[in-house]
Amino acid sequence: MDLLLLVDKPYKWTSFDVVNKIRYCLKHATGLKNLKVGHAGTLDPLATGLLLIAVGKFTKQIETLQAHEKEYTGTFVLGQTTDSYDLEKPPVKSGEFAHLTEKDLLKAAAQLTGNIMQIPPVFSAVKIDGKRAYEYARKNREVTIAAKPIEIKEFELTRIALPEIDFRIVCSKGTYIRAIARDFGELLHSGAHLSSLCRTRIGSYHINAAIKYDTANNNFPLDTPNLIKTSL
């Protein structure tokens, strides 16, 4: 069985939760026991949106799929920061925002557009001396994470209702939107965190074609042929 499935990841599910559930659903539907299942491009538990699930030979394409550009929509909240840059950790007041104008916000977005260097969050899966950064963070150990090059191809502010700002970002592989929230807040001297995030596109694959979790039946509906991709 060789498949590429487009899945809309539910809120608070990890990417591995989705992989395990899809594997269970496929085993139940087909009777096959040894199914190779993986995902291309991790989403944080508090994010929703498009997750590519590779089955069988398609798992060999995961690296290629992960390299595609991504599109996200979501909301930043100014005036508060968190240790994780999202709502995994509690927000604390970090600055004022009422004085900020639309011009200020657009200028900050422009400064974060193009080829930039980004420092990944401490609460992330970035490896430091063989360990994940979040392992150090959970033990309150300070670590230095090197900045890495990324590309923000588009950074659009779609709604301004301070302290909330809705956005649409198109970016390269390896971009942390939580870190964009941090940097956006720092440029405005107000602080900011990410309050919601949805991945809407990976390359040419769009969330509109993704299957959604069926809460009533406790599964992902895998019997809709047009939602199962059998070739790249």
Residue, farthest from the chain's Cα centre (by Cα), within region 18-36, restricted to residues that are modelled with pLDDT of 90 or more and more than 15 Å from ASP214 (Cβ to Cβ): LYS36
Some residue of region 86-103 being in a strand (DSSP E or B), surrounded by fewer than 15 Cβ atoms within 10 Å (Cβ to Cβ) and not assigned by TED's automatic domain parsing to the domain that holds VAL19: yes
Subset of region 14-73 that is of a type in the set (Lys, Arg) and touching a Ser or Thr at 6+ places or on another chain (Cβ under 9 Å) - its residue that is surrounded by the fewest Cβ atoms within 10 Å (Cβ to Cβ): LYS36
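Considering each of LYS9, LYS60, LYS93, LYS89 in turn, give the residue that is without any contact (Cβ under 8 Å) to a residue 12 or more places away in the chain and on the phi < 0 side of the Ramachandran plot.
Details: LYS9 fails: without any contact (Cβ under 8 Å) to a residue 12 or more places away in the chain; LYS93 fails: without any contact (Cβ under 8 Å) to a residue 12 or more places away in the chain; LYS89 fails: without any contact (Cβ under 8 Å) to a residue 12 or more places away in the chain.
Step by step, each of LYS9, LYS60, LYS93, LYS89 is checked, and only LYS60 is without any contact (Cβ under 8 Å) to a residue 12 or more places away in the chain and on the phi < 0 side of the Ramachandran plot.
Restricting attention to region 156-183, and to residues there that are in a strand (DSSP E or B) and of a type in the set (Lys, Arg), which single residue is nearest to ARG199 (Cα to Cα)?
Within region 156-183, the subset in a strand (DSSP E or B) is 156-161, 164-171.
Still in the list and also of a type in the set (Lys, Arg): 159, 168.
Values: ARG159: 18, ARG168: 10 Å.
Going through the qualifying residues, I end up with ARG168.
The values are calculated or read from the model by the stated rules, or taken from the named source; none is laboratory data. These numbers were taken from a predicted model, which means no experiment stands behind them. Every residue, glycine as well, gets a Cβ built from its backbone with ideal geometry; the counts of neighbours run over all protein chains shown.
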